[in-house]
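Novice: Got a structure for you, questions after.
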Amino acid sequence: MTTQVETLEFQSEARQLLQLMIHSIYSNKDTFLRELISNASDALDKLRLEALRAEIPGVDVDDLHIDLEVNQDPRTLTVRDNGIGMTREEVVALIGTIAKSGTAEFLAELRNADATTSSELIGQFGIGFYSSFMVADTVTLITRRAGTDEAVRWESSGDSTYTLESVAEAPVGTSVTLHLKPVDADEQLHDYTAEPVLREIVTRYSDFISRPVRLLVPAADGEEVSEPTVLNTRTALWARPQSEVSAEEYAEFYRHIAHDWTDPLETIRLQAEGTFEYQALLFIPSRAPMDLFMRDAKRGVQLYVKRVFIMDDCEALLPEYLRFVKGVVDAQDLSLNVSREILQHDQHITRMRRRLVRKVLSSVKDLMTDRPEAYATLWTEFGKALKEGLLNDPDNREEIMAICSFDTTYSSSEDGGEDEAVKPTTLAGYVARMAEGQEAIYYLTGESRTAIESSPHLEALRAKGLEVLVLTDPIDEIWVDAVGEFEGTPLQSVAKGQVDVQSEEEKSAAQERERDFADLLAWMSTSLGEDVKQVRLSTRLTSSPACVVGDAHDVTPTLEKMYKAMGQELPPVKRILELNPTHPLVVALHDTYTATSGSEEGEAERGSLAETAELLYDLALLAEGGDLSDPARFVRLVADRLRHGLSA
Ligand code: ADP
């Protein structure tokens with residue numbers, strides 16, 4: 001029987017796409033193998049599905065595999081599967097034309113694009129089978145549809161035509177033979193007959209393909225084929241039932257993808273079925289990477305499509321504040337060449353991301369109750385990053401608030417002794433301990449716990465036994481303002497605005513003192529001039545003479561310093577000076593002022609009183625760890641006073 005060779009024309013769009021492949025504007029040529037293996041893997045899945053529905057004569061679905069066969073002379077690489085195969089009509093329809101919608105528009109766009117953009121565009125479009133022409137001069141495909149007897153041979157050199165002929169005998173499935181272009185490092189054409197090269201590509205892109213990808217190398221005599229080597233590990237843990245995967249297997253996989261040598265702190269799995277299927281296998285590491293707070297810190301989630309590795313560091317899957325989470329998301333219904341750009345705008349991905357975020361947050365919540373020690377580790381390592389979510393993810397703010405912990409002045413030891421290690425508290429924990437009548441969650445921000453604890457702002461609250469959150473991370477300055485409250489209880493800085501911790505009696509006593517001090521306060525305001533916004537009596541001081549505070553919406557000194565460190569000068573923020581009316585120094589200042597007011601010699605005294613006011617202000621600044629505008633002048637004034645003290 002003589003077989004007739006038919007020559008057919010590629011559909012015009014297919015021809016254009018082929019030309020693009022041959023002149024390969026797509027730089028990553030190795031991906032052709034991923035495409036062919038992926039097609040083969042799909043063909044195996046289709047055959048298995050079909051065999052499930054009805055038995056297909058002569059087909060064995062127990063040994064589905066993909067073989068890579070190499071030959072040196074001529075240099076060829078064959079990708080062979082024993083999957084579903086194609087009929088003659090299917091070959092014409094599927095390989096000779098491009099049925100994708102939007103192809104024409106895509107090609108039009110491509111014509112107007114520069115080299116880099118076109119490379120990106122083609123990646124997004126999906127390069128598929130035609131990518132073979134990036135590495136091969138001629139491609140031969142032989143296929144036989146399962147359940148049929150006729151096999152067909154397709155061949156093309158990538159010009160406008162291809163040939164088709166029937167072949168008498170061929171196994172069920174498809175083989176694609178690439179007549180390889182010469183190796184050319186500049187063109188990123190590697191030696192696709194070399195085992196290490198193939199192994200590398202398979203490991204990189206197709207390791208988790210569920211069927212074996214085997215390498216067959218002809219033995220030296222050219223006749224026998226050596227024992228096949230399986231190149232892929234095939235362990236798609238996320239696709240196996242959770243109960244069947246051991247903790248050790250998860251840990252091993254985590255170490256592999258995270259390049260870590262410790263065990264993960266927590267393993268999170270998520271399985272979504274329905275219109276957009278995906279599986280996620282995520283890990284929370286047990287320690288923070290060095291680059292967690294670097295500008296270009298990588299995100300840890302890889303995207304797979306149907307077991308095929310697509311990209312690392314996939315920012316579309318989890319928000320930045322969860323960048324410490326590692327793992328894999330495997331989506332069933334995406335194109336293999338989906339780009340970052342496309343992912344950002346895909347509705348399904350947006351929904352998936354929302355679900356992943358919620359899952360991670362709820363897993364952390366579970367840790368809090370089930371494994372408090374693990375949660376404590378997580379908080380120490382990643383708390384700072386998580387808090388970014390309070391600012392950047394308003395939709396999940398409540399959930400994030402619920403899993404945050406903060407240092408506090410509260411100590412669980414009986415006497416509140418200093419030695420007892422102070423455990424961080426949740427906001428819920430704080431609220432549960434709130435005193436009767438307490439209407440706000442008090443906090444104080446600062447550079448360190450020591451600085452905050454010695455701050456005069458804490459005095460009255462401490463005297464009343466009120467708990468204050470000790471916030472020392474730079475981000476704390478920002479989120480507290482943005483968030484403002486926790487489940488209806490306002491967050492209030494004890495260094496800002498008026499802190500209302502007084503009883504009714506205390507209040508009326510305070511009002512009386514206010515009248516008494518009114519003249520002094522007004523005079524001091526003028527005397528201190530530019531530096532301060534207001535001088536008033538304090539309700540927060542018990543042992544210090546004075547402190548400086550801000551208005552509720554003022555930029556705090558710590559924040560001011562942060563901006564300065566980033567090279568951004570803010571306009572100077574005027575502070576409020578608060579005096580402690582019970583402190584002997586303030587009492588004496590008041591007495592002297594009242595005694596000398598209105599008299600001639602009193603005017604002479606004013607100069608010295610003004611210096612005292614200035615010193616009080618400087619002391620208050622120093623007490624909160626602030627900087628003096630004129631330290632030399634401060635030293636001179638203090639030295640003067642000390643000398644006076646000695647000679648008196
Ligand atoms: P895509 O895989 O994105 O659909 P391709 O150009 O790679 O695009 O392949 C086109 C079609 O050809 C596939 O959808 C599939 O139906 C068919 N095909 C390709 N390779 C094989 C194969 N090895 N076995 C069976 N069918 C195949």
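Novice: May I ask you to derive the FRET efficiency for Arg636 and Thr262 from their Cβ-Cβ distance with R0 = 60 Å, giving the value to the nearest 0.05?
Specialist: 0.55
Novice: Once you have a ≥ b ≥ c as the square roots of the Cα gyration tensor eigenvalues for the range 488-582, tell me rounded if a/c is under 1.5, and otherwise prolate or oblate according to whether a/b is larger than b/c.
Specialist: oblate
Novice: Could you work out how far apart the two model spin labels at Glu6 and Ala552 are, taking each label as a point 7 Å from the Cα in the direction of the beta carbon, and quote it in nm?
Specialist: In this crude spin-label approximation the distance works out to 8.1 nm.
Novice: Distances longer than 24 Å among the Cα atoms of the range 238-399: what percent of all pairs is that?
Specialist: Looking at the range 238-399, the distances longer than 24 Å represent 31 percent of pairs.
Novice: Expressed as a whole number of Å, what is the distance separating the alpha-carbon centroids of the range 29-71 and the range 483-509?
Specialist: So the two Cα centres are separated by 69 Å.
Novice: How large is the accessible surface per residue of the range 406-493, computed with a 1.4 Å probe and reported in Å² as a whole number?
Specialist: Per residue, the range 406-493 has an accessible area of 49 Å².
Novice: Could you name the aspartates and glutamates in cross-link range of Lys365, using Cα to Cα under 13 Å and dropping any fewer than eight places away on the same chain?
Specialist: Glu266, Glu373, Glu398, Glu399
Novice: Of Leu36, Leu520, Val308, whose Cα points farthest to the positive end of the dipole of the chain (charges on the beta-carbon: +1 Lys, Arg; -1 Asp, Glu; origin at the Cα centre)?
Specialist: Leu36
Novice: Shifting gears a bit: Relative to the present Cα-Cα distance, how much length would full extension add between Gln502 and Glu55 at 0.36 nm per residue of separation?
Specialist: 152.5 nm
Novice: Dipole of the range 488-643 (Lys/Arg Cβ +1, Asp/Glu Cβ -1, origin at the Cα centre): which of Ala565, Gly497, Phe634 lies farthest to the positive side?
Specialist: Sorting the options by dipole projection puts first Ala565.
Novice: What does the charge dipole of the range 406-493 about its Cα centre add up to, to the nearest 20 debye, if the Cβ of each Lys and Arg holds +1 and the Cβ of each Asp and Glu holds -1?
Specialist: With Lys and Arg at +1 and Asp and Glu at -1, about 120 debye.
Novice: Students often get this wrong: which residues of the range 246-271 have the backbone nitrogen under 18 Å from the point 7 angstrom along Cα-to-C-beta of Met294?
Specialist: Under 18 Å, as judged by backbone N against the label point of Met294, lie 258-261 of the range 246-271.
Novice: Given a Förster radius of 30 Å and the C-beta distance between Ala565 and Glu485 as r, what FRET efficiency does 1/(1 + (r/R0)^6) yield to the nearest 0.05?
Specialist: Calculated value: 0.55.
Novice: Here is a further query. With each label point set 7 Å from Cα along the Cα-Cβ vector, what nm distance links Glu601 and Asp519?
Specialist: 1.8
Novice: Oh, and also: Counting only protein chains, not ligands or nucleic acids, how are Thr556, Thr450 ordered by accessible area (probe 1.4 Å), most first?
Specialist: On the way: Thr556 20, Thr450 105 Å².
The ranking, largest first, comes out as Thr450, Thr556.
Novice: Another question, then. Calculate the dipole size of the chain relative to its Cα centre from +1 charges on Lys and Arg beta carbons and -1 charges on Asp and Glu beta carbons; express the result in debye to the nearest 20. Before the final figure, lay out the partial values.
Specialist: On the way: 64 positive and 113 negative charges, 93 e Å.
In total the dipole reaches around 440 debye.
Novice: Taking the Cβ of Val230 as the centre, find all other residues whose Cβ is under 12 Å away and add up their charges (Lys, Arg: +1; Asp, Glu: -1). Could the numbers behind the result be given before it?
Specialist: Numbers: positive: Arg199, Arg211, Arg214, Arg234; negative: Asp67, Asp207, Glu227.
After counting each charged neighbour, the total is +1.
Novice: Please list, or write none, the lysines whose alpha carbon is within less than 24 Å of the alpha carbon of Lys533, excluding same-chain residues fewer than 8 places away.
Specialist: Those lysines meeting the cut-off are Lys496, Lys507, Lys561, Lys564, Lys574.
Novice: May I ask which residue of Leu110, Gly96, Thr203 lies farthest towards the positive end of the charge dipole of the range 6-232, with charges of +1 (Lys, Arg) and -1 (Asp, Glu) on Cβ and the Cα centre as origin?
Specialist: Leu110
Novice: While we're on this one: Sequence neighbours fewer than 8 away in the same chain don't count; with that in mind, list the lysines whose C-alpha is under 29 Å from Lys359.
Specialist: Result set, ordered by chain and number: Lys298, Lys306, Lys326, Lys384, Lys387, Lys423.
Novice: Could you list, bin by bin from short to long, the percent of Cα-Cα pairs of the chain in 20 Å steps?
Specialist: Whole-percent P(r) values from 0 Å outward: 15, 34, 22, 17, 9, 2, 0.
Novice: Let me ask another. Once you place label points 7 Å from the Cα toward the Cβ at Ala451 and Thr275, how far apart are they in nm?
Specialist: Modelled inter-label distance: 5.3 nm.
The values are calculated or read from the model by the stated rules, or taken from the named source; none is laboratory data. Model, not experiment: these values are computed from the prediction. Cβ: placed from backbone, ideal geometry, glycine included. Neighbour counts: every protein chain shown. Note: accessible area is taken over every heavy atom of the protein model, side chains too, but ligands, DNA and RNA are not part of it. Shrake-Rupley method; radii C 1.70, N 1.55, O 1.52, S 1.80 Å.
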